[in-house]
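Below: one structure, written as structure tokens.
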Amino acid sequence: MGLLVLMHFATGPSGPVFGQGQPVATTLEGVSFKEADDGGVLQVQIAGPLPAFSCTVPAPGTRDLVIELPGTGTRLPDRLDLKNAVVPEAVIERGATGASGVRVKLAIDRGFLARIEQSEHGLILRFARSSPLEMTEYRVGVGDKLEINVFGHEDLSKVVEVRADGSINYPLIGDLRVAGKTVAEIDGEVTRILGKDYLVDPQVSVDVREYQSQWVTIIGEVRTPGKYVLRRNMRVIDVLAEAGGASKEAGSQILITRQSEDGAPRQIVVDRDRLLSQNNQDSNVLLQHGDILAVGEKEVFYIRGEVTKPGAYLLESGMTVLKAISLAGGFTQFANRKQVDVLRAGGSGVQSKSTVNVKAIEDGKKEDPPIRPNDTIIVPRRIF
């Protein structure tokens with residue numbers, strides 16, 4: 001059973017949290033680690049809307065994993081002792097991503113990042129102690145066809161199908177249960193039985209000739225959505241390629257829905273831009289039987305009022321209020337640059353409004369706030 005290791009929460013007087021003097025809507029409240037035999041789970045607890053975070057995995061020869069949380073404040077201490085062997089320490093850096101923002105640096109000691117998930121309370125990072133290769137073993141199932149060869153014995157080289165009861169029928173051995181086993185385990189068992197009763201030092205090789213027992217489904221903005229056979233070591237980028245790639249209308253997020261061990265579905269968010277980058281270890285998730293991948297549509301924002309080209313625009317990565325106004329052709333001569341409103345839908349469906357002084361941003365006195373999906377920017381006419 002895993003041991004719950006020290007949880008850190010913000011303490012201090014009540015009231016808004018500030019980042020570099022400015023109140024922020026999102027707060028990093030804690031970092032905790034629950035250790036297990038095979039690794040552990042690290043939780044980054046966030047209050048408020050989850051920002052457009054980024055995660056940089058360690059380069060070869062380094063051990064620091066870095067999470068960037070722009071537009072976020074915190075009251076946590078600068079250094080957290082997580083008291084475990086996998087991720088023993090977290091360092092909190094304020095103002096690292098702009099005027100308001102937090103950087104979390106995790107020192108990975110005895111493990112590696114297996115995947116990142118998004119939850120309603122923040123981020124969940126799952127770490128493993130074993131090597132990545134040990135986690136990618138495909139387990140044979142009903143309908144799979146196995147190719148078994150024995151060097152120097154042509155009569156024992158066969159292609160056999162895993163039957164409904166999970167077994168195969170093989171010369172000399174008869175019925176052998178293989179469902180749920182890896183290729184290496186089947187190879188070892190066939191070698192052991194043949195060597196014990198029939199052959200001297202048999203050289204056996206086992207491979208999956210046809211994959212038929214396990215499936216993943218990909219839907220949404222891909223060229224050929226549908227059900228695809230899950231092969232050994234298959235990852236997100238593999239099934240995306242089999243589906244013909246993303247369509248022109250595809251957005252930046254891929255949502256993976258997976259059944260957990262207790263039967264409850266959980267979701268993993270994959271950033272498509274990061275998936276296609278060279279450093280994609282955290283995004284190119286190893287797929288499991290029954291996974292459903294949904295490739296979302298492009299996200300948009302709206303801008304109206306005193307700009308040259310009001311309308312709907314695609315939300316690109318890193319979009320801010322100032323960039324959005326530039327994309328819309330800039331202000332008209334009648335625009336009120338000091339009172340630009342941003343309307344944003346809240347969790348209960350009620351819109352919130354914030355007023356942005358764009359002139360102060362242009363003068364370098366204020367931070368340029370990020371734009372989120374379906375935001376509406378309204379540029380009013382100034383009163384002469």
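Using only alpha carbon pairs under 8 Å that are at least six residues apart, calculate the relative contact order of segment 163-275 and give it in whole percent.
Relative contact order for segment 163-275 comes out at 13 percent.
Find the accessible area per residue for segment 315-367; the probe is 1.4 Å, ligands and nucleic acids are left out, and the unit is Å².
Here the per-residue accessible area is 59 Å².
Packing-wise, with mean Cβ within 10 Å as the measure, how do 370-379, 292-301, 305-314 rank, highest first?
Put in order of decreasing packing, that is 370-379, 292-301, 305-314.
Report the Cα centroid-to-centroid distance between segment 271-302 and segment 318-339 in angstrom, as an integer.
Going from one Cα centre to the other spans 31 Å.
Would you please give the FRET efficiency between A36 and R79, computed as 1/(1 + (r/R0)^6) with r the Cβ-Cβ distance and R0 = 22 Å, to the nearest 0.05?
With a Förster radius of 22 Å, E is 0.35.
Name the chymotrypsin sites (Phe, Trp or Tyr not before Pro) in segment 198-234 that are in a loop by DSSP and that have at most 16 other C-beta atoms within 10 Å, would you?
For chymotrypsin sites (Phe, Trp or Tyr not before Pro) across segment 198-234 that sit outside H, G, I, E and B with at most 16 neighbouring Cβ atoms in 10 Å, the list reads Y198.
Enter the per residue convex hull volume of the chain, computed from alpha-carbon coordinates, in Å³ rounded to the nearest integer.
184 Å³
Sort the following peptides by mean Cβ neighbour count (other Cβ atoms within 10 Å, averaged over residues), highest first: 234-243, 64-73, 323-332.
64-73, 234-243, 323-332
So what is the relative contact order for the chain, in percent, with contacts set as C-alpha pairs under 8 Å and at least six apart?
10 percent
Based only on the alpha carbon positions, what is the Kirkwood hydrodynamic radius of segment 141-298, in angstrom?
Mean inverse Cα-Cα distance, inverted, gives 17.8 Å.
Taking a quarter of the surface of the convex hull around the Cα atoms of segment 76-208, what do you get in nm²?
If I average the Cα hull's projected area over directions, I get 13.2 nm².
With 20 Å as the limit, write out which pairs from K323/K365; K309/K353; K309/K366; K181/K227; K248/K323 have Cα-Cα distances beyond it, or answer none.
Pairs exceeding the cut-off: K309/K353; K309/K366; K181/K227; K248/K323.
Taking the Cβ-Cβ separation of D341 and H121 as r and a Förster radius of 45 Å, what is the calculated FRET efficiency to the nearest 0.05?
0.90
Find the accessible area per residue for segment 175-257; the probe is 1.4 Å, ligands and nucleic acids are left out, and the unit is Å².
Value for segment 175-257: 52 Å² per residue.
Leaving out same-chain residues fewer than 8 places away, which lysines sit with a Cα under 17 Å from that of K34?
K83
With viscosity set to 1.567 mPa s at 4 °C, what whole-number translational diffusion coefficient in µm²/s follows for segment 329-383 from Stokes-Einstein and a Kirkwood radius over Cα pairs?
107 µm²/s
Under the Kirkwood approximation applied to all pairs of distinct alpha-carbon atoms, what is the hydrodynamic radius of segment 233-310 in Å?
Its Kirkwood hydrodynamic radius stands at 14.3 Å.
For the chain, find the longest principal axis of its Cα atoms and tell me its angle to the long axis of helix 183-197, 0 to 90°, nearest 10.
Relative to the chain, helix 183-197 is tipped by roughly 10 degrees.
Taking all protein chains in place and a 1.4 Å probe, what share, in percent, of the accessible surface of segment 196-265 do carbon and sulfur account for?
Of all accessible area on segment 196-265, carbon and sulfur atoms account for 45 percent.
Any idea what the relative contact order of segment 163-218 is, in percent, if you count C-alpha pairs under 8 Å spaced at least 6 apart?
This gives 24 percent for segment 163-218.
Eigenvalues of the Cα gyration tensor times 5, then square-rooted: what semi-axes does that give for segment 195-251, in whole angstrom, largest first?
40, 10, 7
Take the alpha-carbon positions of segment 269-384, form their convex hull, and give its projected area averaged over all directions (one quarter of the hull surface) in nm².
10.0 nm²
Could you work out how far apart the two model spin labels at S205 and V91 are, taking each label as a point 7 Å from the Cα in the direction of the beta carbon, and quote it in nm?
Label at S205, label at V91, 4.9 nm between them.
The values are calculated or read from the model by the stated rules, or taken from the named source; none is laboratory data. As the structure is a computational prediction, the values presented were derived from the model and not from experiment. Reconstructed Cβ throughout: ideal geometry from the backbone, glycine too, with neighbour counts over all protein chains shown. Note: areas computed on protein heavy atoms with side chains; ligands, DNA, RNA excluded. Shrake-Rupley method; radii C 1.70, N 1.55, O 1.52, S 1.80 Å.
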